[in-house]
Amino acid sequence: MTPAELSRTVRRAVCRAVEDDALPGPVPERVTVERPRPGGRGDYASNIALRLAGPAGRPPREVAEIVRASILRSAAESPTSPGAAPGIDRIEITGPGFLNFTLARDSRAELVRTVLRAGPRYGYGDALAGTSVTLAASDEPRAALWTDTVVELLRSQGARAEIVPGAGERLRPLPASVGDAPAGDDLFARLGPDAARWGLLRPAAHDRPQTGAELLVQRESNPLFQVRYAYARTRALARNAAQLGITPAPTLDEAPEVTGHDSATALLLTALGDHPAVLEAAARLRAPDRLARRLEHTADAFLRFQETCRPLPLGDEKPSAAHRSRLALADAAGAVLAGGLSLLGIDAPAYL
């Protein structure tokens with residue numbers, strides 16, 4: 001179960017509670033789920049009960065109990081997996097009324113399968129289906145690139161988006177100029193298209209873009225290099241595995257790493273699970289920088305994972321189910337990195 005799927009599950013439970021007159025309407029358009037805050041439990045948490053408590057005129061914990069009961073009732077009527085609900089093992093209430101969700105073990109393995117099935121398009125969805133967005137064209141290089149990229153993000157979420165000269169919503173990152181580059185400087189010719197795009201898209205709209213040679217440094221201190229290097233490592237692992245005759249396979253019983261018990265694996269699984277919500281937020285907020293920063297996080301999580309978990313056997317070690325599951329997780333990380341870079345218009349090299 002991904003965060004987006006969990007969000008929909010909670011929202012359906014709220015809808016049912018409203019239909020049953022257990023809660024007053026209206027139902028929020030979206031339900032936010034995020035990593036638990038200090039004092040929380042499980043894999044994800046939601047503050048939906050705190051949002052509904054005021055309109056309902058009830059304490060947040062009581063509202064949380066109503067939503068929790070609605071989820072459990074739906075699961076009991078159409079059970080498809082063990083646990084509290086399909087994909088959920090436990091639902092707990094903490095603090096003033098936070099709903100905390102522990103995902104079922106097999107849902108973590110299923111996450112890897114979901115990413116592999118979708119490939120680089122993992123995270124594409126219909127969250128903005130039915131929405132039409134018209135963006136104004138711009139002659140300023142950074143604003144023009146920002147606008148083009150936002151269109152791709154919007155389309156990835158099902159929106160109809162187009163650019164019309166002189167009309168529509170205007171995206172103008174601030175400061176609008178490409179920095180302190182001298183007049184006549186061709187940023188794309190000097191840095192190359194990939195580094196130039198990263199330098200203009202990675203900083204937030206209100207921050208000054210990067211235009212210096214640091215974008216070309218081949219070290220982990222350069223975030224663009226780290227993201228592309230992480231992707232290249234996933235491809236190298238796949239090539240080496242093929243030479244050894246090892247086929248990636250996201251299993252559960254034989255591969256406890258896929259269940260997230262190992263901290264490095266859990267960190268990477270969380271990064272993958274959050275990717276659809278990252279794409280949706282980047283599209284809604286017209287903020288490609290959010291995607292770029294999350295790619296850095298995913299790359300860092302993958303590099304830690306490969307160092308900690310060793311996807312390939314060493315020396316005379318025989319390939320095991322654990323190796324196959326780790327390779328599947330590495331492939332999933334590669335798909336997310338490649339898909340994210342593609343939406344930013346940046347190449348994902350198989351070799352570095």
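The values are calculated or read from the model by the stated rules, or taken from the named source; none is laboratory data. Model, not experiment: these values are computed from the prediction. Heads up, the Cβs are rebuilt from the backbone with ideal geometry, glycines too, and the neighbour counts pull from every protein chain shown. Only protein heavy atoms, including side chains, enter the accessible area calculation; ligands, DNA and RNA are left aside. Shrake-Rupley method; radii C 1.70, N 1.55, O 1.52, S 1.80 Å.
Within the chain, what whole-number % of the accessible surface is contributed by carbon and sulfur, with the 1.4 Å probe and all protein chains included in the calculation? If you can, show how the numbers build up before the last one.
On the way: 7950 of 16050 Å².
It is 50 percent, rounded to a whole number.
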Please build a GNM for the chain, connecting alpha carbons under 10 Å apart, and tell me which residue among LEU187, LEU303, LEU116 fluctuates the most.
LEU187
Based only on Cα atoms, what mean projected area does the convex hull of the chain have, in nm²?
20.0 nm²
1.4 Å probe accessible area per residue over region 1-102, in Å²
50 Å²
Projected label distance in nm at GLU62 and GLU162, using a 7 Å step from Cα toward the beta-carbon:
5.2 nm
Using 0.36 nm per residue, how much length does the chain from ARG117 to GLU140 gain when fully extended, once their Cα-Cα distance is taken away?
4.4 nm
According to a simple spin-label model (label point 7 Å from Cα along Cα-to-Cβ), what is the distance in nm between SER263 and ASP347?
3.8 nm
Can you tell me how much longer the chain between ALA69 and GLU169 gets when fully stretched, taken as 0.36 nm per residue apart minus their C-alpha distance, in nm with one decimal?
31.7 nm
Using mean Cβ contacts within 10 Å as the protection proxy, how do 31-44, 312-325, 288-301 order, highest first?
288-301, 31-44, 312-325
Between ASP186 and LEU314, the two model label points (7 Å from Cα along the beta-carbon direction) sit apart by a distance in nm of 4.9 nm
